[in-house]
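Asks: This is the structure I want to talk about, given as structure tokens.
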Amino acid sequence: MDIQNNLSFLAGITNLSLGFLVWARGRKNTLNALYSFVALSVASWCFAVVPFRSALDPADSLLWCKILYVSPIAIVTSFLFFNFTFLSQERASRLAHFLPLFPALGILTLTLWPGMVIQEVLFASGEKQIVFGPAYPIYFIFIIAYFCWSFIILSKQYFNSSGISRMQIRYVFFGTFISANLGMITNLILPTLGIFSFNWLGQILTIIMSSFIAYAIVRYRLMDIKIILKRTLVYSMLLIITFSVYVFMILFSQNLGDRNHSEPTFRMFLSALLVAVGFEPLKRFFQRATDRIFFKSEYDQKVLLSRLSTMMRNTINLEKLCKDLTQTLMTKLTAKKMAILLVEEEPPFVIIGAQEGFNELVLALSSNNPLIEYFNIQGVQKELLVYNELKKQSEEDPSDRDLSVLIREMEKLDTTLVGPIYIKGRLIGLFFLGEKRSEDIYTEDEFSMLEIIFSQAGTSIENARLYKRVHEQMEELKKNQSEQLMQSAKLASVGELAVSVAHEINNPLTGILGFTSLLLSEMSPDDPRTKDLKVIESEALRSRQIVRNLLDFSRSHGSKKEPVDINGVIRNTLTLIQYQAKTSNMNLIERFAKDLPPVHADADQLKQVFINLIKNAFDAMPKGGILTIETSTLPEKPLVMNSAVHESASEEMVMIQFKDSGMGIHPDHLQNIFDPFFTTKGRQMGTGLGLSISYNIIEKHGGRLEVESELGKGSNFMIKLPALSHQGSRNV
Ligand code: ADP
């Protein structure tokens, strides 16, 4: 057996195996059955060429020749039926399907009829020559017409379809198109022109077709084929051109007469030269042409990767990072929608980093969502989920419940692809991609690209997130400080004002009180004016009290500080209000910490603060209630949670709480209660100075006065003072 026969035989085996594979994968499927029939016909064509070429007897040769020419009838007809099945929904009458069978049967009869299509086989020095009969042109037209018909149907269907079926058509179309065209040139057109030298080549070239289909089927992931498809297309076109050049050379030299005919070496040399010179530029031309025509959306992945990684390195803002990633990838991948979800360790657990086109409500998945659970398994890094593949897997194993849960979840979100974002094995986010605008499927290359991008994105997102957290803490710190500063400024200015006003008022008040008591002492108690004078006196006394308060307020820095036992000061204070507590139906609960460290303070001033707070609590419980006074120690939490400064910034504080079960404070009032003169008690009852004075005193002791309150339930005033043991470094 010579090399051509060997290769034809191999092509036959390949096609036969392919036919069997397709049939085995979908026995009940008409499409599969028809494709198997195509493959079988191609295989018989490949096999038939072997005995035809090797037969020594003219009768045998003629018989095999007929079989060789019958096979293409089966190929084109079964291929046409195969394509009809693609279109089956569109065609109205099923009967119409069978019409093309009649011409095929006619041609078959003609081919087998002695002398009609094939008259005789001549033994020549090279390949056997065939003498065609009068019906050969009909045969010729039939084959070409049926192939054209098939390809028209396929291309029409290609443009009407989307998703997987579009990709499938691509394979079928290009695989068969290339083989069919090459085969027609070498085995139909050239023999018609009397050139039989390549009468075996078409068979070998069917390997192109079978490799296409085989690859698509065996790997199932249809996406990979793109690159192979591209290369095959380019090289096949080059092959066609090379052959055409060669054929042209032969025809040209034959036309020139016997002069050049006797110099085959020269012809070979010339065509080889032409091919060698033209090969590279031609290759580039076809590469560009196929890219332009068939793979329009191609983009340079390397450029995209480097652009994105620069962006990720330079972006510290979390929102911007997610947004830029989403928009760039969406545009480049021509996805209809995309989203990045960030998984947090604390509530709300899942936040939307960025999203375009998704339903936000559906997207705001909870942390026990099956998709998150699927990816979030400690120490396991999963690959991305592709909807089509899950669907295929679940068709093969419908009992897999986990799979159907994932499928349902992806359907709910209307997403084609879900991928994890890990950092050191920990899931920190998910990305979602909708289908492509072209409805094509994502390629294997794109999967790898996304995996690379999101492994880098993990680090960038984590950095941006840390940065955001620190930034927020800094802002909070600044805000707290400025609030404190504002409050201090307010108090300081009021203090200054108070001192000047107090002196101005005190003098006339002393006069008023002095003259009132003089008048009262001179008047008989029965005098009707005594009542009015008493009112003047009590109002003047009230005014003096306010003035005293104001003076206390501004004088507080001139205090004397010493180590003070807070529990003792509170007990002392309570003795003062004991009577009032009893009469106003108050229940006092004392919860004093045993080993409370002392604080460096002015006991009198603290007493004033405690009295203010207790008095306010009583006012808040006009019908009685519970007042809990509690002391404790607590380590002061540093505001910036940075592990480097954590330990050293911690200080022991003494906390004193006054919790009442009173009316509580309206949220709108909360930011005003420490303001001087703010009161809700009316002019007669309140001065609005108690809390601002208390705040001022506590602040001057290096502590803080804070409040928590719930309307209708009660308030909790908390005093935090630095414990003495830690005050060494503090300037007191
Ligand atoms: P005054 O007691 O003279 O009104 P304060 O400065 O002591 O002045 O208090 C300001 C305001 O804060 C009060 O008028 C009241 O509205 C509110 N307040 C203070 N303590 C309490 C409390 N324990 N429960 C409810 N409201 C309170």
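The values are calculated or read from the model by the stated rules, or taken from the named source; none is laboratory data. Keep in mind that this is a model prediction, so the values were computed, not measured. Glycine also receives a Cβ, built like all others from the backbone with ideal geometry; neighbour counts cover every protein chain displayed.
Asks: Residue by residue through region 590-629, note down the ones that are outside any helix (DSSP H, G or I) and within 15 Å of the ligand (Cβ to nearest atom). Show your work before the answer.
Replies: Of the residues in region 590-629, the ones outside any helix (DSSP H, G or I) are 590-602, 621-629.
Result: MET621, PRO622, LYS623, GLY624, GLY625, ILE626, LEU627, THR628, ILE629.
Asks: Keeping to region 396-445, report how many residues are over 17 Å from the mean Cα position of the chain (by Cα) and under 20 Å from LYS332 (Cα atoms).
Replies: 8
Asks: State all residues of region 365-389 that are surrounded by fewer than 17 Cβ atoms within 10 Å (Cβ to Cβ) and either within 12 Å of the chain's Cα centre (by Cα) or closer than 22 Å to ILE453 by Cβ (or both); if no residue qualifies, say none. Steps first, please.
Replies: The first filter runs over region 365-389 and keeps only residues surrounded by fewer than 17 Cβ atoms within 10 Å (Cβ to Cβ), leaving 366-368, 370, 373, 377-383, 389.
Hits for region 365-389 are VAL380, GLN381, LYS382, GLU383, GLU389.
Asks: Still on this structure, please answer the following. Please name all residue pairs, on different chains or six or more residues apart, with Cβ atoms under 6 Å, provided the first residue is in region 671-696 and is among the β-branched types (Val, Ile, Thr) and the second residue is near the ligand (Cβ under 6 Å from one of its atoms).
Replies: Going by the 6 Å Cβ cut-off, the qualifying pairs are ILE673/LEU691; THR679/GLY686; THR679/GLY688.
Asks: Please give the number of the condition LYS424 fails out of (1) buried (at least 17 other Cβ atoms within 10 Å of the Cβ); (2) modelled with pLDDT under 90; (3) out of contact with any Leu (no Cβ under 6 Å at 6 or more places or on another chain).
Replies: Unmet for LYS424, out of (1) buried (at least 17 other Cβ atoms within 10 Å of the Cβ); (2) modelled with pLDDT under 90; (3) out of contact with any Leu (no Cβ under 6 Å at 6 or more places or on another chain): (1).
Asks: For residues that are more than 8 Å from the ligand (Cβ to nearest atom) and among the aromatic types (Phe, Trp, Tyr), scanning just region 665-709, find the one that is surrounded by the most Cβ atoms within 10 Å (Cβ to Cβ).
Replies: Among residues in region 665-709 that are more than 8 Å from the ligand (Cβ to nearest atom) and among the aromatic types (Phe, Trp, Tyr), the one surrounded by the most Cβ atoms within 10 Å (Cβ to Cβ) is TYR695.
Quick grid of which residues meet (1) at pLDDT below 70; (2) assigned to a helix (DSSP H, G or I); (3) outside the structural domain of ASP675 (by the TED database); (4) under 17 Å from the mean Cα position of the chain (by Cα):
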| residue | (1), (2), (3), (4) |
| --- | --- |
| ILE452 | no, yes, yes, yes |
| SER455 | no, yes, yes, yes |
| ALA464 | no, yes, yes, yes |
| LYS468 | no, yes, yes, no |
| HIS471 | no, yes, yes, no |
| ALA489 | yes, yes, yes, no |
| VAL494 | yes, yes, yes, no |
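Asks: Output the number of the condition that PHE159 fails; it satisfies all remaining conditions of (1) in a loop (DSSP other than H, G, I, E, B); (2) surrounded by fewer than 17 Cβ atoms within 10 Å (Cβ to Cβ).
Replies: (1)
Asks: THR315 - would you say it is modelled with pLDDT of 90 or more and hydroxyl-bearing (Ser, Thr, Tyr)? Steps first, answer last, please.
Replies: Values: modelled with pLDDT of 90 or more: no; hydroxyl-bearing (Ser, Thr, Tyr): yes.
Here the answer is no, as THR315 does not meet what is asked.
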